[in-house]
Every structure is written in C-alpha cells, then in structure tokens.
Ligand code: FES
C-alpha cells in the first residue's frame, strides 16, 4: 500500500520538493506531515487545498473560521484530506491607495500556492470585492480543479424604522450629512448601524456582482451566490463545496473547461440582468484574459441592448441580497434568462448549465426577480461609450444614472488629481454650475492611486446645499458598485499615460450621448496636438518593489487591469 502511495503522482506526492531523490522527498514530506498528527491513511487520500483569505483587516471574512471548518467536514466525509492555507486577503476599506492595486498580487499568490503545494483540487474561500476575482484569476491560471466558495452577503439592519445595508445607504447618509441634513450626532449613530454582521456588502455592489458571476460562470455551486453569510445554508454550502472538491480531485474538471467564451458571455448577461457593478466588467475581463478570451466593450453593448434588467436590488432598486436569496437566488435569474444563455457550458457541479436549471426549484418571488417578458427595464444596466475623449472606451451604469442627463453638452470643470479634487471641490469660490460636467484626471490604473473608487465625485458642497443631487461626472477612476449617479468611468486610455482625458481643460465643451454611445471632447485637433506636446506624466515611476512591478505591467481597464505577463496569449 505504502509503496503504491509513493509511486502515485497525486495527493501529497504531487510536485515534490527537489532533493535529487524523489523517494526521499516523499518520505520526508510524509514524515513532516505526520508531525501534525495525521495518520498514514489520511495522508494517502486525495488532498483538497482550502485557500483561506481570512484576515483581521477584512470584516467581510470574519466568519471564515466557521466556514473553513464546514469545508473540512465535507472533504473528510467524502474521503479527502483537507489542508487549508492562508493567502493574502483584501479588505476593501482597509487598503491604501486601494484594494485594486493588490488584486493581481493576490491572484499571483493564489495561483502560485495552488501550483506549488501538493493538492488535487482547491476550494477558494473569498467574498470581499477583489478577493473573488483574484481567486478566480489565480485558479484559472493554475488550472487545477477549483470550487469557489463565497462569503455570502451581510444581513441588512433596521434603524429608526428604516432598513439599512452597506453600502448604498453609507453613501446616501453621507450625502445627506454633506448637504447639512444629517448632523454629526446622527451620522455617528448611523456609522454603528450600517454593517452589523459578517459577510459582504448587502446590496448588488461589486462583491455581490462577483458572487453572481462566479455562479453564472459555473465556478461556484448552483444556488450559492446569494445565501447570507450568517445563514445555516451557507455552512451547508461550504460542506457541499468540500465534498464536491473531493469528487473533482478524482474526476477532474478544470477551470479552463468551465471558464470559456460562452460562459463569460453568460456571466455578462447575468451581470446586466442584475444591474451589477461596473467593477465586475473589469474583473471579468481579467478572468477571461487568464483563459485567452477577450471581453469586448462593443460586444458588451450588444448584450446590454438585448438583456433586460430583472432584479430589483439596491443600489438601483429596493431590495437586498438576502431578499434575492429568499426570492430564488441567481438560479431564478438564470432560469428567466434561459433563452439568452449558452446552456451547454460545463459547471463545477459536474453538469451543464442546462442540467443545473432543470434541477433548479421553480419558486420565485416576483417582487425581486421579474419575468423576462416583464422586466424592470428592457435594456441592461451598463453601457460602454466611445469617442474622442475615450477612444478605447468608458463605462456608464445607466441603470444607476439620471436619464435626464444622458443627451447633454456641458462645460468641463477639471480636477487634475484626487488631491486637487479634495482641495477645491467644496471651495465656495469654485466656478461650477449644476449643468457643468465634473472631470477628474489622473485616477486611472497608472496614476499612482491605482484606479480607486473615486469616480463618484462629490457634488460640490455649494450645489449640494441647493438640492443638486446628480451631475455628469467623468474620470478614469472606478466607482463602487454600491454608488449611483451619472458617472462615466474607466475612461481609456487613462490620463496618466497621456490619453485625451489628460488634455481636457477648464471650460472645454464635452458632449455625452448615451443613445449614440458617444463621449466627445469638443476641442479642435490642432489645439489637442499642442496640449499633447506640452503633456508630462503626472508622477515619477516607482523604483522598487511591488509598486514598480505594478506600474510596469498593469494594463488598461478594457483589459481588466491585469498584468501583461499574466494573461494567456
Ligand atoms: Fe467587503 Fe463591501 S467591504 S464587500
């Protein structure tokens, strides 16, 4: 028995440490593993790695110890050996300059630790915004059988008779505070009531969008995306993920068989139907790039035109993720979208999407998930814009924007950096009117701020106080999936590489037409050439460490802000 185990190239015998003697390497590995108290019988089982992204700097993952125990239970029950390992965690609000800068670092960590350590399959435990894309990117590149286990959403809370949930309500109350309608005492009290359980933000923000995408892609178990973090079903899902990983260790289905051009299109359809986050387009482009698939913004527009919005969730609607779970979850959305989906895509459950939907229970709450024939809106929530201001594209979440601002020409009020914005936006002397376009430069991937969620520029205080709630805002930054407003994002090429956005000046005219999918800087070509000749990069290149690696290799938004050397070519 023991000799057979030593001859196998799976389980603990995978990827032996090089000592020049394979027999010695395995003997030493088993010996050291036994120092942890494992029996020989357990060490001969298929190994399921559990990539655990818990951290005291990540509130969304605070229930992971319990979740990981449930995964281990499932692995053991199915005859595998569960071995958890830590990876980088990215707690959205705890990282500077922004978690986005470190998504690729986490993806590299996940990929390399899956590849370097002896495991036959892996359960990826993540949830907060960047962690799921990082895990899926890493797993796609490592291409070992993988099950994505999601953190699950927070529960909404109740405050003075009102339901509250992170983080759409965080922004709503802060805007009221800025406008002088909620005092300091009030905002202090609200601070303690916005996020009160473990799990990811309670609305259809980036984390919920990525959870929905993980299920739609087929990388998370059917029915798992919307289960609340604190619900017993979440633990049962963890156990089932562990069990399923053992089956995948024995009969492998690799991520590259699941993440394909077709399943990525399915994921985009779901993203549009749920009114999901703009960030998810960037992350999906990065995940797709790891299997050699391009996500085209022009194709996104075609899909958006033919995919109705079906889910009524904040920030664009009324409900929370826990309501979506009770209403039938992402399975109910997939069932409605069935005529638009590629049903032959394989899933981690070992059956095709068609097979998944045949098994899916028929219950659906129509208050939350509308029928395909009676959608909330006939078109998808996202639209890509092109034009002289954004030759390679920009994104607008039209479902979260004010349609009255969609066909407009306006005067540019330009902020040259985030510091400039912070210094001047509330200056009573700022020359700004409600129908101006606010423009933020140098907040893209190579700006030194690493494309933060700063695209939701605050309404200048003097306008906010007069009741102005929305203005056209344009930048190369991202926006939180929980935010709302007429916000044009991800302008590419970005200002920090000398894109046309860098050349906009105060008083220039900009034309926005959502109908025509256009965003134009109305400045004569000769003047643009003159400005371009005088342009200088906004920051000096970093000279060392990860910041240097990031700056030298990060791609633009339409390529997912991945590193050039990590995409599959
Ligand atoms: Fe983690 Fe929102 S802060 S999902």
Open item on the list: Looking at residue 237 and the list (1) part of a helix (DSSP H, G or I); (2) within 16 Å of the ligand (Cβ to nearest atom); (3) closer than 15 Å to residue 322 by Cβ, which single condition is not satisfied?
Closed with: (2)
Task: Selected residue (only one of 169, 188 is in a helix (DSSP H, G or I), closer than 20 Å to residue 206 by Cα and at pLDDT below 95) - done: 169
Open item on the list: Could you go through the stretch 67-76 and let me know if any residue there is assigned to a helix (DSSP H, G or I), more than 16 Å from the ligand (Cβ to nearest atom), within 20 Å of residue 200 (Cα to Cα) and touching a helix residue (DSSP H, G or I) at 6+ places or on another chain (Cβ under 7 Å).
Closed with: yes
Open item on the list: For the structure I just gave you, tell me whether residue 31 is without any contact (Cβ under 8 Å) to a residue 40 or more places away in the chain, within 15 Å of the ligand (Cβ to nearest atom) and not in a strand (DSSP E or B).
Closed with: no
TODO: State whether one or more residues within the stretch 279-290 are outside any helix (DSSP H, G or I) and out of contact with any strand residue (DSSP E or B) (no Cβ under 8 Å at 6 or more places or on another chain).
DONE: yes
Open item on the list: Looking only at the stretch 66-76, count every residue that is in contact with a strand residue (DSSP E or B) (Cβ under 9 Å, 6 or more places away or on another chain) and closer than 17 Å to residue 154 by Cβ and tell me the total.
Closed with: 1
Open item on the list: Within the stretch 3-22, take every residue that is in a helix (DSSP H, G or I) and modelled with pLDDT of 95 or more and give me the one that is surrounded by the most Cβ atoms within 10 Å (Cβ to Cβ).
Closed with: 12
Open item on the list: If I ask for residues that are part of a loop (DSSP other than H, G, I, E, B) and either out of contact with any strand residue (DSSP E or B) (no Cβ under 9 Å at 6 or more places or on another chain) or modelled with pLDDT under 95 (or both), which ones from the stretch 516-546 would you list?
Closed with: 524, 535, 536, 537, 538, 539, 540, 541, 542, 543, 544
- [ ] Could you tell me whether residue 119 is surrounded by 24 or more Cβ atoms within 10 Å (Cβ to Cβ), away from the ligand (no atom under 16 Å from the Cβ) and over 17 Å from residue 224 (Cβ atoms)?
- [x] yes
Open item on the list: Just the residues that are in a loop (DSSP other than H, G, I, E, B) and more than 15 Å from the ligand (Cβ to nearest atom), please, taken from the stretch 43-66.
Closed with: 44, 45, 46
Open item on the list: Tally up the residues in the stretch 175-201 that are out of contact with any strand residue (DSSP E or B) (no Cβ under 9 Å at 6 or more places or on another chain) and either within 26 Å of residue 132 (Cβ to Cβ) or touching a residue at least 24 places away in the same chain (Cβ under 8 Å) (or both), please.
Closed with: 5
Task: Members of the stretch 463-484 found to be at pLDDT below 95 and surrounded by 24 or more Cβ atoms within 10 Å (Cβ to Cβ), listed by number - done: 479, 480, 481, 482
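This table checks each residue for (1) in contact with a helix residue (DSSP H, G or I) (Cβ under 7 Å, 6 or more places away or on another chain); (2) closer than 20 Å to residue 201 by Cα; (3) assigned to a helix (DSSP H, G or I).
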{"position": "82", "(1), (2), (3)": "yes, no, no"}
{"position": "111", "(1), (2), (3)": "yes, no, yes"}
{"position": "115", "(1), (2), (3)": "yes, no, yes"}
{"position": "119", "(1), (2), (3)": "no, no, no"}
{"position": "125", "(1), (2), (3)": "yes, yes, no"}
{"position": "129", "(1), (2), (3)": "yes, yes, no"}
{"position": "134", "(1), (2), (3)": "yes, yes, yes"}
{"position": "139", "(1), (2), (3)": "yes, no, yes"}
Open item on the list: Here's a check for you: in the stretch 437-462, which residue that is buried (at least 20 other Cβ atoms within 10 Å of the Cβ) and free of Cβ contacts under 8 Å to residues at least 60 places away in the same chain is farthest from the chain's Cα centre (by Cα)?
Closed with: 460
Open item on the list: Regarding the stretch 180-189, can at least one residue be identified that is touching a helix residue (DSSP H, G or I) at 6+ places or on another chain (Cβ under 6 Å) and surrounded by fewer than 21 Cβ atoms within 10 Å (Cβ to Cβ)?
Closed with: yes
Open item on the list: Can you tell me which of (1) in contact with a helix residue (DSSP H, G or I) (Cβ under 6 Å, 6 or more places away or on another chain); (2) within 20 Å of residue 217 (Cβ to Cβ); (3) at pLDDT 95 or above is the one residue 353 doesn't meet?
Closed with: (1)
Open item on the list: Residues that are over 16 Å from the mean Cα position of the chain (by Cα) and more than 30 Å from residue 75 (Cβ to Cβ): does the stretch 253-261 have at least one?
Closed with: yes
TODO: Name, by its number, the condition in (1) part of a helix (DSSP H, G or I); (2) away from the ligand (no atom under 15 Å from the Cβ); (3) buried (at least 24 other Cβ atoms within 10 Å of the Cβ) that does not hold for residue 147.
DONE: (1)
- [ ] Output the number of the condition that residue 515 fails; it satisfies all remaining conditions of (1) free of Cβ contacts under 8 Å to residues at least 60 places away in the same chain; (2) farther than 30 Å from residue 291 by Cβ.
- [x] (1)
- [ ] Search the stretch 300-320 for residues being under 14 Å from residue 169 (Cα atoms) and touching a residue at least 12 places away in the same chain (Cβ under 8 Å), and hand back the single one that is surrounded by the most Cβ atoms within 10 Å (Cβ to Cβ).
- [x] 320
TODO: Please determine, by comparing only the residues of the stretch 77-100 that are free of Cβ contacts under 8 Å to residues at least 60 places away in the same chain and more than 15 Å from the ligand (Cβ to nearest atom), which one is nearest to the chain's Cα centre (by Cα).
DONE: 87
- [ ] Confirm whether residue 175 is crowded, with 24+ Cβ neighbours inside 10 Å and more than 14 Å from the ligand (Cβ to nearest atom).
- [x] no
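The values are calculated or read from the model by the stated rules, or taken from the named source; none is laboratory data. Note that the coordinates shown come from a computational prediction; the quantities given were computed from them, not determined experimentally. All Cβ positions, glycine included, derive from the backbone under ideal geometry; neighbour counts span all protein chains shown.
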